[in-house]
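Student: If you scroll down you'll find the structure; I have some questions about it.
Rule-based calculations on the coordinates, nothing more; no lab input. Note that the structure is predicted; figures quoted are calculated from it, not measured. Please note: Cβ atoms are built from the backbone with ideal geometry, for glycine as well, and neighbour counts cover all protein chains shown.
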Amino acid sequence: MILKGGENVKLGDRDFEIIYTPGHSNDSICLYCRQDGVLFSGDTPLVIRSTDGTYEPEFITALGNLCSRDIRSVYFGHGPPLFDRCNEILKESFENVRKSRH
């Protein structure tokens, strides 16, 4: 099955929304469970602290899309999970990306 974004899949006893997040690669996705506020981000960069990067418009749109969700925990493809201030950190990252070159 090829996932493109917008689909929902059942994993165990939970439903996850597929969110297309091109940026790190053109086939990146995140998996979001609204019921638990959980986001599995894979390699999608979500903690962006500077404004000196360059980002594709599709990634900026995807990051803004993530900011509209209630995310209470993020599990990255690499590194420890994020449990505190998830929505706030995503919004800060979105602002930094919007201020960057694209």
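Student: Tabulate in residue order the Karplus-calculated ³J(HN,Hα) for segment 25-30, using 6.51 cos²θ - 1.76 cosθ + 1.60 with θ = phi - 60°, rounded to whole Hz; enter x for Gly and Pro.
Tutor: Karplus values, whole Hz, x for Gly and Pro: 8, 7, 10, 6, 9, 10.
Student: Once phi is turned into θ = phi - 60°, what whole-Hz ³J(HN,Hα) does the Karplus curve with 6.51, -1.76 and 1.60 give for every residue of segment 91-98, x standing for Gly and Pro?
Tutor: Result, rounded to whole Hz: 5, 5, 4, 4, 5, 5, 5, 5.
Student: Sequence-distant or interchain residues sharing an amide H contact under 5 Å with Ile48, placed H: which?
Tutor: Answer set, sorted by chain and number: Ser93.
Student: What does the charge add up to near Asn87, with Lys and Arg as +1, Asp and Glu as -1, over the other residues with Cβ less than 14 Å from its Cβ?
Tutor: Combined, the nearby Lys, Arg, Asp and Glu give 0.
Student: Let me ask something additional. May I ask for the angle, rounded to the nearest 10°, between helix 57-67 and the longest principal axis of the chain, with both axes built from Cα atoms and the value confined to 0 to 90°?
Tutor: Once rounded, one gets 60 degrees.
Student: Can you list residues whose amide H is under 5 Å from Gly42's amide H, if they're 5+ apart or on another chain and H is modeled 1.01 Å from N?
Tutor: Gly77
Student: Then there's this: Taking N as the number of residues in the chain, what value does Rg over Cα atoms divided by 2.2 N^0.38 Å take? Please list the in-between numbers first.
Tutor: On the way: Rg = 13.0 Å, N = 102, 2.2 N^0.38 = 12.8 Å.
For the chain, the normalised Cα radius of gyration is 1.02.
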